[in-house]
Every structure is written in C-alpha cells, then in structure tokens.
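The values are calculated or read from the model by the stated rules, or taken from the named source; none is laboratory data. Small disclaimer: the values here were computed from a predicted structure and weren't measured. So basically every Cβ, Gly included, is an ideal-geometry build from the backbone, and we count neighbours across all protein chains shown. Calculation scope for accessible area: heavy atoms of the full protein, side chains included, ligands and nucleic acids excluded. Shrake-Rupley method; radii C 1.70, N 1.55, O 1.52, S 1.80 Å.
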Amino acid sequence: MTATAEPEVGRARARKEDARLITGRTRWTDNLTLPGLLHVAFLRSPSAHARITSIDTTAAKARPGVIAVFTGADLADEQGSLPCAWPVTAEQKAPPAPSLAVDTVNFAGEAVAVVIARSKAVAHDALELIDVDYDDLPLVLDLESAVADGADLVHPDLGTNKSAVWIFDSAEAGTGSDVGAAIADAEVLIERTYRQQRLIPAFMEPRSVVVDPTGEQYTMWSSTQIPHILRLMLALTTDTPEHKLRVIAPDVGGGFGGKLQVTPEEVVCLLAAKRLGKPVKWTESRSESLLSAHHGRDQLQKLTLAARRDGTVTGLKVELLADMGAYLRLVTSGVPILGAFMYNAIYKFPAYHFACTNVFTNKTPTDAYRGAGRPEATFAIERLMDELAAELDMDPLEVREKNWITHDEFPFTTVAGMTYDSGNYEAATTRAKELFDYDGLRAEQRERRDRGDTVQLGIGISTFTEMCGLAPSRVLGALSYGAGGWEHAAIRMLPSGKVEVVTGSSAHGQGHETAWSQIVADQLGVPFDSVEVLHGDTQVAAKGMDTYGSRSLTVGAIAVLKAGEKVIAKARRVAAHMMECAEDDLEFAGGQFTVKGTDKSTGIGDIALAVFAAHDLPEGIEPTLDSEATFDPENFSFPHGTHLCATEVDTETGMVKIRKYVCVDDVGKVINPLIVDGQVHGGLAQGLAQALYEEAIHDESGTLTTGTFVDYLVPSAADLPTFITDRTETPSTTNPLGAKGVGEAGTIASTPAVVNAIIDAVRHLGVTDIPMPCTPMRVWSALQAGGAR
Ligand code: MCN
C-alpha cells in the first residue's frame with residue numbers, strides 16, 4: 001500500500017465518472033432491454049379541467065400489438081394516491097391524487113389512460129384510438145383570482161382553493177420584534193410585488209422507467225434522484241411489500257429537483273408490470289416532459305420593507321401566494337416554506353413576518369426546482385435592497401454593508417430563527433469588487449448616462465446566503481416534513497486493499513464518485529483509484545435519503561467519513577495485535593500504522609488481508625474490515641457569496657447583454673475545486689435563465705403554450721457569458737470537513753444580480769421593475785412606459 005503524496009481533498013481532479021458519461025459507455029434507463037419487454041404510453045388530457053364522461057378503449061385494445069389498456073377506473077383499487085410527504089399545517093387540504101385520473105382531470109397533461117404494447121410505436125399509435133369524452137369545468141388559472149371570494153374551485157370537495165396558510169412571525173416566535181410596529185415607525189417604506197414565473201426543470205435526460213417483475217420481486221430502474229424515498233413511497237402507495245421492491249437509479253442525466261418525485265408514471269408502470277407479469281418500459285418525449293413533469297417556482301410575492309433614512313432596515317413583511325398546481329406532489333407544499341427562513345438573508349434586521357398561502361390552480365403541479373423556495377426569497381430581498389438604495393440615493397453595496405452580519409458576529413441567530421454557522425460577507429464582497437472593477441464600471445456607467453448613450457450600463461448585486469445540507473431530522477420534524485434528513489454510508493476494505501464506499505446519496509450529475517474517493521483516499525491513506533463508490537441501488541446501498549437540497553457533501557460524505565473512522569479504529573486494534581503493542585502506541589498516517597518512535601509499521605491493506613485470512617485476530621474481532629455509519633447533523637450549513645453582474649441594455653431594442661459576471665462564493669472547505677466550479681457554472685446558467693429566458697406559459701384554456709424547446713427557452717452555452725468565479729473559504733462549524741453545499745448556490749444568487757443590473761441600467765429612464773424573464777420586448781415596453789423614446 002502506498003500513501004498518496006499530496007492530499008486529495010482540495011485537488012481539482014477531473015471527475016472519474018465523466019469518461020463513461022461523455023463517451024456513452026454507461027447505461028441510461030432507456031437503454032435497458034429485457035426479454036419480452038413491453039412498452040408503455042400515456043394518454044393525456046387536452047383539457048385543464050373537465051369531468052370525464054366516458055372513455056372507450058375498445059379500438060385501442062383491438063389494435064394488433066396492444067397487450068392492455070388501462071384507465072383510471074381500471075386501476076382505481078390499486079393506484080392509491082400519490083404521496084405528499086410535507087403536510088405543512090395540520091389543517092392542510094389535499095385532494096386525492098390518482099396516477100391515472102378517474103372521473104375528473106385537473107390540468108392539461110394529466111394522464112387518463114395507459115397503453116401497454118409490444119413496441120413503443122404501437123403503444124403511441126393506439127393512444128389515438130382511445131375515445132374520451134370530457135365535460136369542461138370552470139378553470140382556475142390565476143393565483144389572485146383563485147383566492148378571491150366566490151372563485152371557481154379546482155377541487156369543489158375541498159370548498160376552497162387554499163391548500164394551507166403558513167405563518168412565521170418573529171414577535172410570536174420570540175426571534176424578533178413586531179413587524180407592524182416596524183412598518184408604522186418606518187422612515188422609508190419600500191412596497192413591491194414580484195412574480196416568480198413558472199419554470200420547468202428541463203433536465204437533459206427525460207424521465208424513464210423500466211419495471212421487471214421476476215417472481216414476487218419487482219425491480220424498477222428509474223431516472224430518479226431518489227431511489228430510496230421512491231421505494232418506500234411506492235411500497236406504501238401501491239401496497240407492494242417494501243422488501244419485494246428494488247429500485248435502481250442508474251446514471252441519471254440531471255434532475256435539478258425535477259426528479260425528486262414519486263411520479264404517476266412510476267406507479268402505473270409498477271402496476272402494469274404486476275398485472276401483466278411482464279417487464280415494461282416508459283420513456284417520455286421532450287414535450288411530454290415539459291408538460292407533465294412537475295414545474296417549479298410560480299409565486300406572487302407582496303413585500304414591504306421598513307427602513308430608516310440612514311439605510312438601516314428595521315423590518316420585512318412577506319405575503320406569498322404559491323401555486324401548487326392541481327395536486328400536492330411529494331414536497332410541493334413545503335417549497336415556499338423553505339424560503340421562509342431566507343428572506344432575511346445576510347441581514348440582521350429585527351422584525352419579520354412571513355405568510356404564505358398555498359393555492360390550487362388547474363396547472364401542472366409544482367414542486368422542487370433547484371433552490372426550491374430559496375431563490376425566490378433571495379430574489380425578493382436582494383431586489384428590495386437595491387430599491388432601498390435607489391430610494392435613499394445610496395450605493396447598493398453600502399446599504400448591504402450597513403445591514404449585514406459581520407464576520408465576528410457568528411454564530412448568528414437570525415430573525416427567522418436560524419443559527420448561521422459561519423461566514424465572512426466582507427471578505428467575499430471585497431474580492432468580488434476587485435475582480436469586477438466595481439469602481440471602474442461605476443465610472444463608465446456615469447459617463448454613459450451623461451453622454452445619453454443608447455446602450456446603457458447597469459450593475460447588479462446579490463449578496464446571498466442559503467440554508468443547505470437539508471438535514472437535521474429534528475428540524476425537519478419541527479417543520480412537519482414526513483422524513484428525517486440523516487444519511488448513511490458503508491465502507492468495505494477488500495482483502496486486496498481496495499475500498500468500496502457505499503453511499504445513500506444518489507448522485508445524478510454531481511460527481512460524488514470523485515469527491516467521495518478523494519475524501520476516503522486521504523482518510524484511509526489509499527490511492528484515489530483504489531476507491532470505488534457505489535450508489536443508486538436499494539439492494540447495494542440499502543439505506544439512504546438521496547440527493548437534493550445541496551445535502552450530499554455536508555451530510556452524505558460526513559457519513560462516509562464516520563464510517564472511515566470506524567474502519568481505522570478496528571484496523572488499529574488489529575495492527576496493535578499484529579505488532580504486539582498497545583493501541584495508544586500507534587499513530588496512523590498515510591495508510592500506515594506506526595509504533596510511535598520506531599520505524600515499525602503496517603499498512604492498512606496488509607491489515608485488510610490479515611483480517612480476511614483471520615488466522616490470528618484479537619479476541620472478539622470479526623473477520624471483516626467493514627463499517628457503517630449514519631450522520632444527522634445538528635444544523636444546516638449556510639454558504640454565501642457576492643455576485644456582481646454588469647449588463648448592457650440597448651434602450652432602443654430592449655436587448656440585454658451580460659457584459660461581466662463575477663461571483664465569489666464561500667462554500668467552506670472545498671473538496672474538489674473543479675466540481676465546485678462546474679456546480680457554480682451550471683447553477684448560474686439556471687439562475688440567468690430565469691432572469692432572461694425561461695417561462696412556462698399557459699393560455700386562457702390552461703394549455704401549456706411553451707411545450708417545446710422552441711418556445712421554452714433554455715439558454716445554450718452560446719447565450720451565456722464567461723463567468724469569473726473565485727472563492728473565499730470560511731469553514732463551516734456544523735461538520736468535521738468544514739464544508740458547505742454548493743449545488744444550488746449559483747441558481748439562488750444569480751437571478752437578482754442580473755435583474756438588479758438591468759434595472760440599474762435604465763432606472764434613470766423611469767424604470768423600477770421589469771417582470772421576469774426580462775425579454776427584449778418586456779425591457780423595451782418598460783422603457784416606453786417609463787417615458788423613454
Ligand atoms: N463539493 C465540493 N466542495 C464543497 C461543496 C461541494 O467539492 N464545499 C462537491 C460535492 O462533493 C459534490 C458536488 O460538489 O460532488 C455537489 O455537492 P452538494 O453541494 O453537497 O450538492 P448535492 O450533491 O447534494 O447535489 C444537489 C444539488 C441540487 S439540490 C441540485 S437541484 C442540482 C445540483 O446539485 N442538480 C444537479 N447540481 C446538479 N448537477 C448536475 N450535473 N445535475 C443536476 O441535476
């Protein structure tokens with residue numbers, strides 16, 4: 001066994017999973033074929049709200065090659081109701097959520113029947129032979145109208161479109177003072193309403209499911225983020241014994257929260273395989289995905305910020321309407337609540353009130369999308385800080401500095417009741433200003449304004465923090481979430497000295513195999529290439545809570561570290577026995593146990609072999625060098641950063657160009673800088689897309705009019721600027737690695753930076769807001785409304 005020369009942690013290693021991913025030498029769910037495999041296609045409702053008066057499947061069933069056709073009525077006894085794991089209040093209202101609609105459809109795209117055929121083409125052809133009669137019902141599409149008195153109802157049985165009202169008040173919670181008083185006493189009030197448009201996760205690999213019913217065991221492959229949660233939820237929903245169900249998430253081509261779901265299609269494929277005793281496969285088309293996979297965001301934010309004329313913020317009131325869509329999916333109702341703790345961001349104002357009304361509409365259900373609740377909150381507060389600065393004629397960075405928590409005040413308990421572990425907003429901002437040439441660009445902005453250029457320069461700021469590492473089980477319990485937030489890991493030292501790491505975090509693009517290998521290589525003193533990371537199969541990694549909420553490193557990798565500690569502790573006992581010394585006399589470094597003060601040593605690989613041979617083990621030692629550990633942190637981690645964006649806005653056309661984008665993130669200790677940069681870049685792309693390009697639009701009949709990539713504008717690399725990234729490193733105090741999550745940082749931070757920059761470019765022309773996405777048409781219209789010519 002040779003020790004690694006330089007530490008692995010901190011090295012910019014190319015990801016070990018990339019070669020197979022980019023050369024196609026892997027197995028995506030849709031690549032799977034099994035003997036006798038049947039193909040599944042779903043018939044989806046064109047109507048957004050209707051009673052199903054009849055479904056005639058006779059012709060479809062008679063089509064050669066069709067094996068079966070099922071409607072909601074056919075599966076009514078088995079399909080159960082799709083789970084909502086987050087009843088945010090005890091009174092939360094949730095309608096039954098069938099996988100196949102039984103008597104009413106509540107959004108356009110809801111599945112009403114399924115065809116199982118010998119080929120995919122036949123299955124799709126047969127869909128056209130199913131005759132469904134719909135009796136249209138009144139539509140509920142607009143959030144504000146949905147909560148008005150006398151509104152039509154999505155689910156008349158509930159008697160309301162309000163699913164839940166969730167309130168946090170700092171005076172009541174004892175975390176701060178009364179926001180009403182802060183508003184009454186304010187010298188300045190900034191009142192704004194912002195719309196978080198509906199987005200679609202639009203992962204690269206569409207969803208796909210294969211189910212193989214062998215005997216009484218069901219194996220499901222699914223392009224999912226959550227094999228463990230899926231297995232449990234499918235077992236409960238379909239009454240399938242949990243131990244007879246195995247879920248495998250092979251390589252997954254992205255999820256971004258969109259595959260944190262128990263989908264109707266997974267349930268129906270399982271039921272179809274059960275009924276027919278044959279393997280089945282379903283893979284969606286892109287337009288099917290845009291229509292029926294859950295959407296994200298879609299909130300209306302009514303905001304009141306109270307401040308003094310010197311720029312000190314004294315309180316914030318947030319009133320949200322959050323669009324649930326037609327049903328509550330897995331964590332739909334909790335998404336806005338995740339934002340509730342982040343509206344105060346990095347600032348220490350004393351009074352805060354948050355009230356959120358979760359509302360049903362006749363649209364595709366919403367649920368987690370990268371950042372889930374926190375991008376919305378960050379957008380609101382960072383936009384408000386710019387508006388306050390403009391109102392007071394102050395520099396927006398100065399207003400932020402006046403209000404932020406300083407580095408010597410950590411740990412800091414916020415007005416929302418969160419205790420921030422660590423941070424240094426001053427350092428990140430100083431570095432970002434340098435890289436950006438803040439003063440130089442401000443000077444250029446003044447010159448352009450003075451000259452009356454047709455292309456104006458704007459500077460946008462976002463000094464964000466986020467709550468990530470979704471974990472502490474006791475906190476999740478206090479928020480009524482249905483599960484815990486721990487993570488599990490196992491380490492197996494093989495007799496040859498190689499190492500298998502089993503992790504419950506099921507990666508779908510994040511590079512866990514590389515990062516976990518780096519951590520374990522350093523800890524056990526083995527070469528990076530000697531570590532294999534196994535995940536994403538409930539029979540291999542039996543326990544886990546999967547990947548979302550930027551939790552994998554700060555929870556999942558810490559479980560790995562804890563398992564490694566147990567391996568070392570056991571190896572130490574064996575080493576002491578082998579070298580006939582006391583355990584305390586041994587030091588462990590670089591994979592070697594050395595008797596202190598001597599050159600007598602044994603490598604951990606030799607110990608693994610000796611344990612395997614089991615010829616001479618200390619009393620009570622089992623012949624394996626394996627261990628397991630579960631980690632449940634005490635707190636979240638709170639990464640932060642300063643993002644600065646310069647935009648050039650053409651005042652004649654409304655065209656926006658990002659001239660420069662600088663971000664200095666602080667994600668504590670970095671395991672792999674290359675992965676972290678990649679995560680930031682991807683996150684920035686999604687945040688910029690919300691600011692400039694993407695929006696899911698429904699017409700007045702509830703039809704999604706952005707149902708293809710021609711209309712739903714996902715930016716390509718060519719649409720994005722070069723990102724200048726850097727980091728400061730303030731270790732987290734909530735885990736032994738000192739690391740904080742990075743998976744959502746770019747998305748959370750960047751949207752307000754871009755929009756602030758656009759407004760900053762044209763504020764002097766009478767523009768104070770532009771709804772997202774800030775398309776040329778919207779920017780131009782705002783300029784016209786502002787009085788520009
Ligand atoms: N990392 C690191 N040093 C740090 C922090 C993280 O080296 N200080 C590395 C980790 O080792 C891991 C990666 O960065 O390899 C992301 O870690 P983490 O922040 O813990 O986030 P998760 O692994 O839990 O990933 C979830 C997060 C979320 S919530 C979304 S949404 C998202 C994202 O990750 N979706 C993604 N990144 C994605 N990347 C891809 N390619 N595809 C998606 O669907």
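Calculate the FRET efficiency for Ser716 and Glu580 from the Cβ-Cβ distance with a Förster distance of 45 Å, rounded to the nearest 0.05.
Efficiency, from the Cβ-Cβ distance: 0.10.
Compute the length gained on full extension between Phe709 and Ala785: take 0.36 nm times their separation in residues and subtract their Cα-Cα distance, giving the result in nm to one decimal.
Working it through step by step, the gained length comes to 24.3 nm.
At 222 nm, what value in deg cm²/dmol follows for the chain if DSSP H runs of at least 4 each add -39500 (n - 2.57) and the sum is divided by all its residues, to the nearest 500?
It lands at -8500 deg cm²/dmol.
List the aspartates and glutamates whose alpha-carbon lies under 17 Å from that of Lys16, not counting same-chain residues fewer than 8 positions away?
Candidates past the 8-residue exclusion: Glu8, Asp251, Glu500, Glu513, Asp522, Asp529, Glu532, Asp677.
Straight-line reach from Lys669: which aspartates and glutamates have a Cα under 12 Å away, not including same-chain ones fewer than 8 places off?
Glu729
Taking the Cα centre as origin and putting +1 on Lys and Arg beta-carbons and -1 on Asp and Glu beta-carbons, what dipole magnitude results for the chain, to the nearest 20 debye?
Around 1120 debye, computed over the chain.
What is the calculated FRET efficiency for Asp133 to Leu34, with r their C-beta to C-beta distance and R₀ = 35 Å, to the nearest 0.05?
0.45
Once you have all Cα-Cα distances for the range 684-789, histogram them in 5 Å bins from zero and send the whole-percent values.
Cα pair-distance distribution for the range 684-789, in percent: 2, 11, 15, 17, 15, 14, 11, 7, 5, 3, 1, 0.
Roll a 1.4 angstrom probe over the protein heavy atoms and tell me the percent of accessible area of the range 702-754 that is carbon or sulfur.
58 percent
Provide the per-residue ³J(HN,Hα) series for the range 56-72, in order, calculated from phi with Karplus coefficients 6.51, -1.76, 1.60 and θ = phi - 60°, each as a whole number of Hz, with x at glycine and proline positions.
Rounded to whole hertz, the list is 10, 9, 4, 5, 5, 5, 7, 5, x, x, 7, 9, 7, 10, 10, 10, x.
Holding the Cα-Cα limit at 32 Å, pick out from Lys278/Lys498; Lys162/Lys740; Lys162/Lys278; Lys120/Lys244; Lys543/Lys596; Lys596/Lys740 the pairs that are longer than that.
Beyond 32 Å: Lys278/Lys498; Lys162/Lys740; Lys162/Lys278; Lys543/Lys596; Lys596/Lys740.
Which of the three applies to the range 491-594, rounded, prolate or oblate, going by the alpha-carbon gyration tensor with a ≥ b ≥ c and a/c under 1.5 meaning rounded?
Prolate.
Which cross-chain or sequence-distant (5 or more) residues have an amide H under 5 Å from the amide H of Lys16, H modelled 1.01 Å from N in plane?
Sorted by chain and number, the residues that satisfy this are Thr514.
For Arg192 and Asp152, compute 0.36 nm times the residue count separating them, minus their Cα-Cα distance, and round to one decimal in nm.
Value of the extension gain: 11.6 nm.
Roughly how many whole Å is it from the C-alpha centroid of the range 586-651 to that of the range 365-384?
36 Å
Could you name the aspartates and glutamates in cross-link range of Lys274, using Cα to Cα under 18 Å and dropping any fewer than eight places away on the same chain?
Asp74, Asp77, Glu78, Asp212, Glu216, Asp239, Glu242, Glu265, Glu266
Rounding to the nearest 20 debye, state how big the charge dipole of the range 603-714 is about its Cα centre with +1 on each Lys and Arg Cβ and -1 on each Asp and Glu Cβ.
In total the dipole reaches around 600 debye.
So, for the chain, what is the accessible surface per residue at a probe of 1.4 Å, expressed in square angstrom?
36 Å²
Once you keep just the Cα pairs under 8 angstrom separated by 6 or more residues, what percentage relative contact order results for the chain?
16 percent
Distance between Cα centroids, the range 277-333 to the range 748-789: provide it in whole Å.
Taking the Cα centre of the range 748-789 as reference, the centre of the range 277-333 is 23 Å away.
Which residues in the range 425-456 place their backbone N less than 18 Å from a point set 7 Å from the Cα of Glu729 along the Cα-to-Cβ direction?
425, 427-429, 431-432
Once you have the Cα-Cα distance between Phe528 and Thr419, take 0.36 nm times their residue separation minus that, and quote the gain in nm to one decimal.
Difference between extended and current length: 35.7 nm.
Please give the Cα centre distance for the range 200-243 versus the range 149-164, rounded to the nearest Å.
Cα centres, the range 200-243 to the range 149-164: 32 Å.
So, counting K/R as plus one and D/E as minus one, what does the shell of residues with Cβ under 13 Å around Cys468 add up to?
-1
Tell me, what % of the accessible area of the range 400-552 is carbon and sulfur with a 1.4 angstrom probe?
Roughly 49 percent of what the probe reaches on the range 400-552 is carbon or sulfur.
Taking R0 as 22 Å, what FRET efficiency do you get between Ala614 and Ala589 from their Cβ-Cβ distance, rounded to the nearest 0.05?
Here the calculated transfer efficiency is 0.25.
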